[in-house]
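Colleague: First the structure, which I've put down as structure tokens, then a few questions once you've had a look.
Rule-based calculations on the coordinates, nothing more; no lab input. Not measured: the values here are computed from a predicted model. Here the Cβ positions follow ideal geometry from the backbone for every residue, glycine too, while neighbour counts run over all protein chains shown.
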Amino acid sequence: MSGKEIDFKRYIRNIPDWPKKGIMFRDITPLLSDYSIFSAVVDSLCGDYSNDSIDYVAAVEARGFIFGGAVAERLGAGFIPIRKGGKLPWDIEAVTYSLEYGVDKLEIHKDAFAPGSKVLLIDDLIATGGSMLASCELIERLGGQVAGIAFLVELTGLGGREVLKNYSISSLVKY
């Protein structure tokens, strides 16, 4: 069964008021626990990139790693972890970006890929787009080409797609 035939929303649990009142949390663990559905998600995230000679798949800590590693394996590409500040043990490139109430930092190893490499970015969810925009900046600072960005879930009312308007974006489920 291909991802186009599956309603992935059926496998995402809605948890109201978590982690705080007024938030509707989209829990992907039911989707992850079903091998055939998880496999279909990975195939769908690969999308049109199967024939694009993707050199690397980069994913944002932490849930992005779940999909990023699987997509990299499926595409025959290397995997690059983009980590929160202070978690990488080698020479790093870092970027600080704004959150609703403060700032955060993402890091990547400076030798993660050769300049000119085509990099597909993966994450589980796009909300405001801040962490993914910071991830794109890291890839480009090191001379990589952002081939595209793929998400499982897109929260359409939070403006993330507009923040990333200069990139090719795909998402499998929209809320």
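Colleague: Considering only DSSP beta bridges whose two residues both sit in segment 24-175, what percent are antiparallel, to the nearest 5?
Modeller: Counting only bridges with both partners in segment 24-175, antiparallel ones make up about 30 percent.
Colleague: Contour minus end-to-end for LEU32 and GLU73, with contour as 0.36 nm per residue of separation and end-to-end as the Cα-Cα distance? List each step's numbers first, then the result.
Modeller: On the way: separation 41, 0.36 × 41 = 14.76 nm, distance 1.68 nm.
Going from the current span to full extension adds 13.1 nm.
Colleague: Under a Cβ-Cβ cut-off of 13 Å, what is the net charge of the residues other than GLU154 that fall near it, where Lys and Arg count +1 and Asp and Glu count -1?
Modeller: Details: positive: LYS9, ARG26, ARG161, LYS174; negative: ASP123, ASP124, GLU162.
It works out to a net charge of +1.
Colleague: What length, rounded to one decimal in nm, is gained on full extension from GLU140 through to LYS87, with 0.36 nm per residue of separation minus their alpha-carbon distance?
Modeller: Working: separation 53, 0.36 × 53 = 19.08 nm, distance 2.08 nm.
17.0 nm is the gain from fully extending GLU140 to LYS87.
Colleague: I've got another one for you. Can you tell me, using C-alpha contacts under 8 Å and at least 6 residues apart, the relative contact order of the chain as a whole percent?
Modeller: RCO, the chain: 17 percent.
Colleague: Would any residue of segment 85-106 have its amide N under 16 Å from a label point 7 Å out along Cα→Cβ of THR128? List them or say none.
Modeller: So the set is 96-106.
Colleague: Quick one: which of 55-67, 9-21, 72-84 comes out on top by average Cβ neighbours within 10 Å, and what's the full order, highest first?
Modeller: 55-67, 72-84, 9-21
Colleague: What are the DSSP H helices in the chain that stretch 18 Å or more along their long axis, judged by alpha-carbon atoms, and whose average Kyte-Doolittle hydropathy comes to at least 0.0?
Modeller: Span-like helices, by this rule, are 63-75.
Colleague: Cβ under 12 Å from SER39's Cβ, SER39 left aside: what net charge do those residues give with Lys, Arg +1 and Asp, Glu -1?
Modeller: -2
Colleague: Using helices alone, I'd like the mean residue ellipticity at 222 nm for the chain: each DSSP H run of four-plus residues gives -39500 (n - 2.57), total over residue count, nearest 500.
Modeller: Working: 5 runs with 45 residues, N = 175.
Result for the chain, helices only: -7500 deg cm²/dmol.
Colleague: Then there's this: Find the Rg to Rh ratio for the chain, where Rh is the Kirkwood radius over alpha-carbon pairs and Rg uses the same atoms.
Modeller: Numbers: Rg = 15.7 Å, Rh = 16.5 Å.
Reported Rg/Rh, Kirkwood definition of Rh: 0.95.
Colleague: Kindly provide the GluC sites (Glu not before Pro) of segment 88-175 that DSSP labels as loop, not H, G, I, E or B, and whose Cβ sees at most 11 other Cβ atoms within 10 Å. Write out the running numbers ahead of the final one.
Modeller: On the way: sites: GLU93, GLU100, GLU107, GLU137, GLU140, GLU154, GLU162; in loops: GLU100.
Hits after loop and neighbour filter: GLU100.
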